[in-house]
Structures are given as structure tokens and as C-alpha cells.
1. If you check ARG246 against the conditions, is it surrounded by fewer than 19 Cβ atoms within 10 Å (Cβ to Cβ) and more than 20 Å from the chain's Cα centre (by Cα)?
2. Search segment 14-28 for residues that are at pLDDT 95 or above and pair each with any residue that is of a type in the set (A, V, I, L, M, F, W, C) and not in a strand (DSSP E or B) when their beta-carbon atoms are under 7 Å apart and the residues are at least 6 apart or on different chains.
3. Output yes when any residue across segment 530-537 is under 19 Å from THR95 (Cα atoms), modelled with pLDDT under 95, of a type outside the set (Lys, Arg) and exposed (fewer than 15 other Cβ atoms within 10 Å of the Cβ), and no when none is.
4. VAL549: exposed (fewer than 15 other Cβ atoms within 10 Å of the Cβ) and modelled with pLDDT of 85 or more, yes or no?
5. Going by the conditions given, is ALA147 assigned by TED's automatic domain parsing to the domain that holds HIS121 and more than 18 Å from GLY91 (Cβ to Cβ)?
6. Check ASP104, ASP60 and return the single one that is acidic (Asp, Glu) and outside any loop (DSSP other than H, G, I, E, B).
7. Cβ-Cβ distance below 9 Å, separation of 6 or more or different chains: which pairs start in segment 326-346 with a residue that is surrounded by 16 or more Cβ atoms within 10 Å (Cβ to Cβ) and basic (Lys, Arg) and end on one that is assigned to a loop (DSSP other than H, G, I, E, B) and at pLDDT 95 or above?
8. Looking at LEU310, LEU277, which is the one that is modelled with pLDDT of 95 or more, surrounded by 15 or more Cβ atoms within 10 Å (Cβ to Cβ) and either part of a loop (DSSP other than H, G, I, E, B) or not acidic (Asp, Glu) (or both)?
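The values are calculated or read from the model by the stated rules, or taken from the named source; none is laboratory data. Model, not experiment: these values are computed from the prediction. Glycine also receives a Cβ, built like all others from the backbone with ideal geometry; neighbour counts cover every protein chain displayed.
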Amino acid sequence: MAETVREQLLRHTENDDVAIRYEDTSITWREYLEGAAKRAGAIEEVLDGVWSQNARTDADRPRHVATLLENTPEMLYALAAGTLGGYVTVGLNATRRGEGLARDIRKADCQVILTDSELKHLLDGLDLGQTTVIDTDSEQWAALVEASQPPANPPEVTGADPFMLIFTSGTSGDPKAVKVGNFTVCMAGEMQAGNLELTSDDVMYVAMPLFHSNAIMVGFSPAAATGATMVLARKFSASRFGDDVRRYGVTYMNYVGKPLAYILDTPRRPDDADTTLRVVFGNEAAPKDIPAFAERFGCTVKDAYGSTELAVIIVRTEDSPLESIGEPFPGVAVLDPVTGEECPRAIFDDDGAVTNLDECVGELVNTEGAGFFSGYYNDEQATSDRLRDGKYWSGDLAYRDADGYIYMAGRTGDWLRVDGENMATGIVEEILLRHPGASRVAVYGLPDPRGVGDQLAAAIVPRHDADFDPAEFEQFLAAQADLSTKGWPRWVRLAAELPITATNKILKRELITQGVGGGRGGSSDAANPDAATPDTWWEREERGTAYSVMR
């Protein structure tokens, strides 16, 4: 197994098979690596202050080169150039804005930012510190790359050295820059290729953002390990998915968050199951979407637990209950965050409801240490918060059944007190997603009008062909035998869309900020949000089960 991404890529220097497909462009592996090497040489000149008299790089600062790019060939060139040039690539979140984006840049000690004409304006007026911005669409950059030579003596890189700094999704606070090691990336790609029988003949659809760990670990790295073709989508589009699969002959796709739900909510086509798509792998799909996607598109879907930190590993097996996220690796446990003791196993009643939530729900922990987590860059406090008493605390709530399988219950901030009873929102979300008309669901707490504890709100994106009716929804809830009476949402928000991160994770804190009655649905004019239709809200009687329309 390769120890570094550099070693992994250099296997393909004389490979004339196609490495990248992007729109009408095809780039072979030989061309890709030659182009990356010249870009590494150009960056070396920039870091040495040769490119411009106005270069503001500092030889004493870390060799960190950031990318503010979407999934384009230039992004893939930058990833390869970083490892060939011996510097660290910082993946900037292309959906971040304003001071949040500037904070990430300064926090990661970026000396250079590679961007393009589409995104460069996001940096206007920001305090970037001592950072040089390069527009990769510019004639100046093209000329520098053309005139450059690959670095003659790039710094040595080991498996323990960081390949990238990748920011967490930021669903529960400010994003943190995770130090992602070379060996970790290589291992992920080699294992993925072996487990899913991926070869150089595969065509991999990379539509998840390459500034995030999912696309790096199970999109880019398996291709680097095997010499397969990467088909890039600048941004994920559910409506374009089917056309891209057919156009490029896609055999494999990775995902994170809710893309399966988005795709399933597109109109069926008679040949959906007759494409080249063979296997799909990702994280955090709803249990009902996994078999539905596999059936509709005639492929295998593998879903696993994952995080940018890669400290806790859980895999689904053939024996795993569909509602669980699978079987944990040795050392992974569910611990009480107060006592540090392992939580008792969940007890289910005859209807499948967990009867001991107060006892069995705890935090997912790697009791044997940090796993592949090397810490957050420039954030000792956040690192120490994760690593306590020689263990890695994930911040994810979970419980285990008698057979040891793990079930998610949300983030630690999703543990609410509703009418004097502890409530894990993740459990309620999974139940609401059983509704055949629900595409995406977020359950969260809003202040109880009586001033004590929380009341549940459920934001639901209906499928395009579904009609939601208050009376029918009440009947659906009543039919869910494993739903606690305290788990009936006090408020229901029907929305065309929900606020999400770049990795398709729902931003509950924005929903909470908007409060009862907030939010607007989709609009035909994205530039004019005021033209959007307000979301529909229902309210349940305080001590009843019936819902009435608020607006």
C-alpha cells in the first residue's frame, strides 16, 4: 500500500487512460500529472516570492496553499500539485461567505489562495492577512504555469504528514480544520477499491465537493489508487445526475448527506435501472432511501458512518438492521458523557420503541484513542475537547441494541427535554422519514411557550409528487407504534428547501434562529428571495393530536 498520495499518483505518470472528464474535456493521467507538476513548480515560485514584486508570502510561515474552487479540473490539479510539490492543500468551503471565510483563511495560515473567475469575488474586501490570491482563469497564471518546471527537489513527505487541511461541516459551530494525513487518504482509497472491487475500468462520478473529506477519501483517492476515470460535476445536481450517468458511463458514485433523497425526488425514467451504474457509497442516507435507490437504479448502495476526523469507524454488514448504522470497529463504544461509563444496551418494546432512552443514549467514543484523527490545525482547545481521558469523543449521540449494532440519535445538541422527558431528535427524524411523501426531515427544539424546556418542531421537504394534509399526517403519526407521544412535533414546517451545508447536511441552527413561522419556500427567481412563497406551518393542539394550518 502506498504511504503517501505522491506515491499513489506517481504510479500513473505513463498512463494514457482518461483520468478526468469534465463537460466536453478529457484529460489523461499522463497529462494530469504533467500539468500538476508544472503547477507545483509555479506555486514554488510564488512561495519563493518570484512571481510578483507584490508577493506577500513569508518563508517562515507554513507552506499552506488554499483552494477556493468547486469541482473543476483546476481543483484536481491543485490536489496533485500539493503532494508533488510537498506543500499542504487547504480546502476552503466554497459556500462560506464574508468574515466566516476570512476567518478560515487566517486560521489555516494560508499563504496562497487558488481560485477562479467564478469565486474570486467572494474574497473582495476581506481581511485575508498576508495572502496572495491567484485567479487560475487568468492569462498571468496560465503563462506562469506554461513557463514553470516541476520542482527539482520537493520536500520529502511521509505518511504521517498532512496531505490536506479539511474543514468540518460546521453544523454545530464554527468549522475546524482537520489535519488529514497522507497515509489516511491512501488507506481509504486502497480499502475502498478492494471492498467495492473498483478497478481502472471504473468511471467514478465525483459530484460531492472536493474540499470535503467524503470526496477526497472515497472519490479522489480510489481513483488515484486504481487509475480509474473521475467524472467531475462542478456542483451536485439531482436533475442532472441521470443524464451524467448515461453520458459518461458512470459505474460508481460517492455521496454525503442527502443526495439520494434529492435524486429519488426526481421524476422516474423508464431506463433508470438500465444504466452502467454499479455501486454507490456514502454516509448519512436515510434508511428508507438506501433500498429505494438500489431498486430504482439497479445498483448496490453501501452506506457507512463517517466524519472528517475519521476517529470512529462503523460499517454496515449484511446482518445489520437497516435502521442501524452498522457494527463498530473494536474500541468504539457508547459512553455516558457525565460518568464516562458505557451505557446499557437499548431495550425495545413489542412495537420497536426504545423504552430506556434516558439510560441507553450516550456519546459515540473511540475508547482506544484518536484513530486516524491527528488533531485540528491551530486549535488546541477544540482538539483537547475531542480527546479526553485518552479517548476520542465524537459529539454524536447513539445507542446500541443487544447484538451490539449502533443507532444514531443526533448530535449532542439534539438531546432535548420535552414535557419533562428526554428526547433524541434523530430517533424522531427516522420515524418521520417513513412517511412516503417525505423527502428530507429535520427535527429540532424550539422554546416551550410555557417557558420550560423545549417543544419539537419538524421541518419537512415533501416529495415533488406528494400532498401533505394535516389530518392524514395525524393518522400517520398515530400509526407509528414506536413513536412516543412526546415525539409528536408541536409544529410542522412544510418547506420547498431547507438550509444546508456544502455537504448536504441540514443546518438546524438556522431553523432554530428562524423560529415558529419563519422561512420561505422555493422561488422561480433565486435572485429575488422576497418573491418566494412562505413555508406552510401547522401547529398541534397543546394536549391533543390534531394539527391546524397556521398560514
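1. It is true that ARG246 is surrounded by fewer than 19 Cβ atoms within 10 Å (Cβ to Cβ) and more than 20 Å from the chain's Cα centre (by Cα).
2. ASN15/TRP29; ASP17/TRP29; ALA19/TRP29; ILE20/LEU76
3. no
4. Spelling it out, VAL549 is indeed exposed (fewer than 15 other Cβ atoms within 10 Å of the Cβ) and modelled with pLDDT of 85 or more.
5. So ALA147 fits the description; yes.
6. Going through ASP104, ASP60 in turn, the sole match is ASP104.
7. So the pair list comes out as ARG345/ASP401; ARG345/ALA402; ARG345/ASP403; ARG345/GLY404.
8. Criteria check complete, one pass: LEU277.
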